[in-house]
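A short worksheet on the structure shown next.
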Amino acid sequence: MKRVIVGLSGGVDSSVAAYLLKEQGYEVIGLFMKNWHDDSVTISDECPWLEDSNDAMLVADKLGIPFQTVDLSEQYKERIVDYMFDEYEKGRTPNPDVLCNREIKFDVFMDIALELGADYVATGHYCRKSTIEKDGEEVHQLLAGVDGNKDQSYFLCQLSQQQLAKALFPIGELLKPEVREIAKAQDLITAEKKDSQGLCFIGKVRLPDFLQQQLKPKEGQIVEIDANFERYNQVPPTFSTKEEELAYGSKKPKYKVADGKVVGKHQGAHYFTKGQRKGLGVGGTVEPLFVIDTDVNENVIYTGQGKKHPGLYRNVLFVSNEELHWVRTDLALNDGETMDVLSRIRYRQNLDKATLHKVASGLYVEFETRQSAITEGQFVAWYLGEELVGSGVIS
């Protein structure tokens, strides 16, 4: 019997994952991860890790599998929380969920599982794994979940072949309603439990309140840029190479306060992200204001009216070599090569046609249609059909 350690989170997805593995004849052990938790910023009732660990324990009990809790707060604080503060301070917008999978669940947690003699680690993610043979080697594929509405392959876009080799995703072939039905039929306490939203350690706290612990408030100006700003209507220069054209297309406009009008004040540019509409506190405009750029050095937020504002849109982005990752290392491009893919720049976004262009310094992703709010620090992921083959941090 192969031994599988399931990350039991106290939710319905991981509960059903554990049940299915047991049905398939694996020796299953449930492990609950206690992540970093700060009572000073979390409304504790809204981030009930104790309740979650209790639910996980009751599920393990019901399924008749061993259960224990591991405290990963220290590693979590170091690898996720500190990284988040650092990124926001630089004016980038990190994606903690992607990092949590790469750094915690499939690294620190996986190491603990392997020490406990596990052959595999399983989670309740809506995605699938397949293994093919290529040139005599085993190659693991990360595939989208069957439930298009819940597909979570994007959150696993930074996994390596070594991590995938040891991973199992038992619910990837199921739809969410089917998962709930199985939980109900097995009388699991989590059957009707609401899905948790986002990172538990932040709970229901507004992100600025959380960030204010380390990034001090600093009053600055909110500037509105008109949709007819001259830079938007500039005729592009003539390019001698495709790379020059891509470099031009990936550059965002540089704004100065004089380019628009001051419409309000904010408490810190690093609390805001591109495409954000809420929290600006500026009224009296025909259409709502959206953040089109932030300047953390000058502490200015640039905004535009309406979600169609030209300042929100570009069709090219760049990933530097240091932040480029191939799940399928055998498909990695060499300098000068291109690849037609489907790509997304955020979770829950539909996949769009794009072309990858590998250059000496990194990789350009050129979309067929213009993308709204391409945000530095977020992850872009690309697919061949339903297989996620690579990703990178948007520079």
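The values are calculated or read from the model by the stated rules, or taken from the named source; none is laboratory data. Note that this is a predicted model, so its numbers are computed, not measured. Note: ideal-geometry Cβ built from the backbone for every residue, glycine included; neighbour counts use all protein chains shown.
Look at region 138-161 and say how many of its residues are more than 14 Å from the chain's Cα centre (by Cα) and either in a strand (DSSP E or B) or touching a residue at least 40 places away in the same chain (Cβ under 8 Å) (or both).
9
Which condition from (1) assigned to a loop (DSSP other than H, G, I, E, B); (2) crowded, with 19+ Cβ neighbours inside 10 Å is the one that Ser395 breaks?
(2)
Considering only residues that are in a strand (DSSP E or B) and more than 20 Å from Gln158 (Cβ to Cβ), look in region 120-137 and name the one that is nearest to the chain's Cα centre (by Cα).
Ile132
Taking region 335-363, which residues are under 24 Å from Lys308 (Cα atoms) and either under 19 Å from the mean Cα position of the chain (by Cα) or surrounded by 21 or more Cβ atoms within 10 Å (Cβ to Cβ) (or both)?
Leu342, Ser343, Arg344, Ile345, Arg346, Tyr347, Arg348, Gln349, Asn350, Leu351, Asp352, Ala354
Among the listed residues Val327, Val300, Val319, identify the single one that is modelled with pLDDT of 95 or more and within 17 Å of Gln276 (Cβ to Cβ).
When all the criteria are applied, what remains is Val300.
Just one of (1) touching a Gly at 6+ places or on another chain (Cβ under 6 Å); (2) surrounded by fewer than 18 Cβ atoms within 10 Å (Cβ to Cβ); (3) aromatic (Phe, Trp, Tyr) trips up Trp382, so point out which.
The single condition Trp382 does not satisfy is (2).
If a residue has to be of a type in the set (Ser, Thr, Tyr), in contact with a strand residue (DSSP E or B) (Cβ under 7 Å, 6 or more places away or on another chain) and under 12 Å from Thr294 (Cα atoms) to count, how many in region 239-272 make the cut?
Number of matching residues: 1.
Select from region 281-334 the residues that are of a type in the set (Asp, Glu) and closer than 20 Å to Asn95 by Cβ and write down the one among them that is surrounded by the most Cβ atoms within 10 Å (Cβ to Cβ).
Looking at residues that are of a type in the set (Asp, Glu) and closer than 20 Å to Asn95 by Cβ, I get Asp293.
Give the residues of region 257-273 that are within 14 Å of Val223 (Cα to Cα) and part of a loop (DSSP other than H, G, I, E, B), sorted by residue number.
Correct list: Gly260, Gln267, Gly268, Phe272.
Can you report the number of residues in region 214-231 which are at pLDDT below 95 and not in a loop (DSSP other than H, G, I, E, B)?
Residues flagged as at pLDDT below 95 and not in a loop (DSSP other than H, G, I, E, B) within region 214-231 amount to 2.
Six or more apart or on different chains, Cβ atoms under 8 Å: show the pairs whose first residue is in region 322-336 and closer than 19 Å to Ile394 by Cα and whose second is exposed (fewer than 12 other Cβ atoms within 10 Å of the Cβ) and aliphatic (A, V, I, L, M).
Filtered contacts from region 322-336: Asp335/Ala360.
All but one of (1) within 29 Å of the chain's Cα centre (by Cα); (2) assigned to a helix (DSSP H, G or I); (3) within 30 Å of Val365 (Cβ to Cβ) hold for Phe210; state the number of the condition that does not hold.
It fails just one condition, (3).
Pick from region 52-109 the residues that are of a type in the set (Val, Ile, Thr) and part of a loop (DSSP other than H, G, I, E, B): which of them is surrounded by the most Cβ atoms within 10 Å (Cβ to Cβ)?
Only one residue tops the list, namely Thr93.
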